[in-house]
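Participant: Following this message is one structure expressed as structure tokens.
The values are calculated or read from the model by the stated rules, or taken from the named source; none is laboratory data. All of these numbers come straight from a predicted model, not from anything done at the bench. Note that each Cβ is placed from the backbone with ideal geometry, even for glycine, and that neighbours are counted across all protein chains shown. Please note that ligands, DNA and RNA were not included when accessible areas were found on the heavy atoms of the full protein model with its side chains. Shrake-Rupley method; radii C 1.70, N 1.55, O 1.52, S 1.80 Å.
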Amino acid sequence: MKCFQVERGIIKLCAAAGELTQTLAQRFVQIAQESARQRGRFMVALSGGSTPKALFELLAQAEFANRISWHDTHIFWGDERCVPHQSDQSNYKMANEAFLSKVPIPASNIHPTVGQSDNPQRSAELYEASIKTIFNAQDSSSVCFDLILLGLGPEGHTASLFPGSPALLPNNCLVMPVYVEALKAYRITFTPTLINQSRHIIFMVSGAGKSDILPQVLEPGEILPAQFIYPIQGTLEWFVDEPAACKLDLTAASSL
Ligand code: 6PG
């Protein structure tokens, strides 16, 4: 793996998807252990889609699972589709099948959205209230995840923050319901406000299908949804593989 410092954080460039998954699993464990040691718990929000599935499956392997204090770990979702948790479209279902059902994490530490397929607005309100309660947060600005994992869509979306989304406008919400015209579907999503309060934000970007959008997102500016993500005090890391990074110009980036 090669590391580069760029304006939008640190790029961790891996040769292929296999190395990317292994390296990210190591980083996940490192943040989990650091968080549990320093604060007695590890608060993490997972991304959805297909990219993280291999990571989740690896985290279920003893090599990694045995290094995480699951009793201290609390799992949330940075976004969810407004479908039942039994649906193959559900981000909860994918993560539960890939690793949560295979590791000794207390069921009470797994915090999926509720009611998302019936009433997105109510579900988002409930999720935000639940997060504030679990974080024992007096106000929204004190909700600080230890880690938020994010993916990147081919048109620059992340979580369920799509181009033109009202969730990208300045607001004090932590969680919002959004109607995604391109998908003709509702989603529940963390807002940039919540994501940017995190200690560690990690984008996982893999495959040639992301090679056009990745350079656009890493350029200066705040046009694409993923460009609204920039931690206030935390770290921002981009775990990418060569196929996704093949159009990146890193000649000016400082190698770490
Ligand atoms: C979702 C995700 C979404 C995803 C990107 C990338 O619910 O779909 O949270 O933001 O991370 O669309 O998806 P892939 O990993 O499938 O390319």
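Participant: For segment 91-111, which positions are under 21 Å from residue 36 (Cα atoms) and either touching a Cys at 6+ places or on another chain (Cβ under 8 Å) or surrounded by 16 or more Cβ atoms within 10 Å (Cβ to Cβ) (or both)?
Facilitator: Across segment 91-111, the qualifying residues are 99, 100, 103, 105, 109, 110, 111.
Participant: If you take the residues in segment 127-166 that are in contact (Cβ under 8 Å) with a residue 40 or more places away in the chain and at positive phi, which one is farthest from the ligand (Cβ to nearest atom)?
Facilitator: 156
Participant: Return the residue satisfying two criteria in turn: it lies in segment 67-97 and is away from the ligand (no atom under 11 Å from the Cβ) and either assigned to a strand (DSSP E or B) or at pLDDT below 95 (or both), and of such residues it is farthest from the chain's Cα centre (by Cα).
Facilitator: 73
Participant: For segment 182-191, state whether one or more residues are touching a helix residue (DSSP H, G or I) at 6+ places or on another chain (Cβ under 9 Å) and open to solvent by 30 Å² or more (accessible area, probe 1.4 Å). Working first, answer last.
Facilitator: Here is the first cut: in segment 182-191, the residues touching a helix residue (DSSP H, G or I) at 6+ places or on another chain (Cβ under 9 Å) are 186-191.
From what's left, open to solvent by 30 Å² or more (accessible area, probe 1.4 Å): 186.
The answer is yes, given that some residue of segment 182-191 is touching a helix residue (DSSP H, G or I) at 6+ places or on another chain (Cβ under 9 Å) and open to solvent by 30 Å² or more (accessible area, probe 1.4 Å).
Participant: Could you list, in sequence order, all residues of segment 50-66 that are outside any helix (DSSP H, G or I), under 16 Å from residue 97 (Cβ atoms) and more than 10 Å from the ligand (Cβ to nearest atom)?
Facilitator: The answer is 60, 61.
Participant: Only one residue in 118, 79 is touching a helix residue (DSSP H, G or I) at 6+ places or on another chain (Cβ under 8 Å), of a type in the set (Asp, Glu) and either under 26 Å from residue 238 (Cβ atoms) or open to solvent by 10 Å² or more (accessible area, probe 1.4 Å) (or both), so which one is that? Talk me through it step by step, then tell me what you get.
Facilitator: Details: 118 fails: touching a helix residue (DSSP H, G or I) at 6+ places or on another chain (Cβ under 8 Å).
Testing whether each residue is touching a helix residue (DSSP H, G or I) at 6+ places or on another chain (Cβ under 8 Å), of a type in the set (Asp, Glu) and either under 26 Å from residue 238 (Cβ atoms) or open to solvent by 10 Å² or more (accessible area, probe 1.4 Å) (or both) leaves just 79.
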